[in-house]
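As structure tokens, the structure follows; a few thoughts come after it.
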Amino acid sequence: QPKLAEVYSFPADRMKQDGAVRMMVEAEVTESTCGKILTGNTIELGIDGAVRKVTLELSMPDCDATGGYLMLNDLLQDLRFASN
């Protein structure tokens, strides 16, 4: 089982206005993932320096859903920014 990592960072100095960045996790249904249970972790670093770790387990759809995606909308906290 390979371990894969994906890192996302947002250049806060590019914010022109107050707002939030909505973070979502998606998992593609492929021939190698369909019908399986995928496990993973998210690690978030808060503005206060606190680390938030979430362990997840995804039951992937059967192979007739190959090519589709599972969208996990509320897994990660939105990043909130205020302009100076």
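Things worth noting here:
- Among the residues examined, Ala20 does not qualify as open to solvent by less than 70 Å² (accessible area, probe 1.4 Å) and modelled with pLDDT of 85 or more.
- So Thr66, is it surrounded by 13 or more Cβ atoms within 10 Å (Cβ to Cβ) and out of contact with any strand residue (DSSP E or B) (no Cβ under 8 Å at 6 or more places or on another chain): yes
The values are calculated or read from the model by the stated rules, or taken from the named source; none is laboratory data. Predicted, not measured: the structure shown is a model, and the values here were computed from it. Cβ atoms come from the backbone with ideal geometry, glycine included; neighbour counts cover every protein chain shown. Surface accessibility is based on the protein's heavy atoms, side chains included, excluding ligands, DNA and RNA. Shrake-Rupley method; radii C 1.70, N 1.55, O 1.52, S 1.80 Å.
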